[in-house]
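Working notes, beginning with the structure itself.
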Amino acid sequence: MAKYIVYTTWYHEKGLRPAEEFQEGMRKNVKPHSPAVDCIWWKKDDNHHQSIMIYSSEESANQHRAQLEEFRKDSSSELSIKMVEETMGPLLAQLSEL
């Protein structure tokens, strides 16, 4: 099975929080609850961050989807953030795997 990628862009109404808060949020909310192989968040500008989640398969991503949607409802309101873009699809190539 091919790995599966989910790419998102998020708008932060009050501006981005410090990197340490992103790291703590990932440590607390993503790492223990997600079947993702990897997750990368980066700053686009002062009010947007983008992310890539890499799953072992499309099936794994789809199984995680319901849980993720529920978490996003609460966290989006709590943190004053809004998803503005989401794209997903199968991985074609990954440098670290070559």
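Any read-out appearing in this document is the output of simple, stated calculations on the displayed coordinates, not a laboratory observation. What you see is a predicted model; the values in this text were computed from it and never measured. Glycine also receives a Cβ, built like all others from the backbone with ideal geometry; neighbour counts cover every protein chain displayed.
How big is the equivalent ellipsoid of region 1-57 along its three axes, where each semi-axis is √(5λ) from the Cα gyration tensor, reported in whole Å from largest to smallest?
Working: eigenvalues 101, 39, 10 Å².
Here the semi-axes work out to 22, 14, 7 Å.
Which distance in nm do the two modelled labels at Ser76 and Ser57 give, with both placed 7 Å along the Cα-to-Cβ direction?
2.9
Please list, ordered by chain and number, the residues whose modelled amide H lies under 5 Å from the amide H of Asp38; skip anything fewer than 5 residues away on the same chain.
It is Ile54, by chain and number.
Could you work out the relative contact order of region 4-90, using alpha carbon pairs under 8 angstrom and six or more residues apart, expressed as a whole percent? Could you put the intermediate results ahead of the total?
Values: 122 pairs, mean separation 44.1, N = 87.
Answer for region 4-90 is 51 percent.
Dividing the convex hull volume of the alpha carbon atoms of the chain by its residue count, what do you get in Å³ per residue?
Numbers: hull volume 10.2 nm³, N = 98.
Measuring per residue, one finds 104 Å³ for the Cα hull of the chain.
Roughly speaking, what is the stretch gain from Arg17 to Glu69, that is 0.36 nm per residue apart minus the C-alpha to C-alpha distance, in nm to one decimal?
Working: separation 52, 0.36 × 52 = 18.72 nm, distance 2.18 nm.
Computed gain between Arg17 and Glu69 is 16.5 nm.
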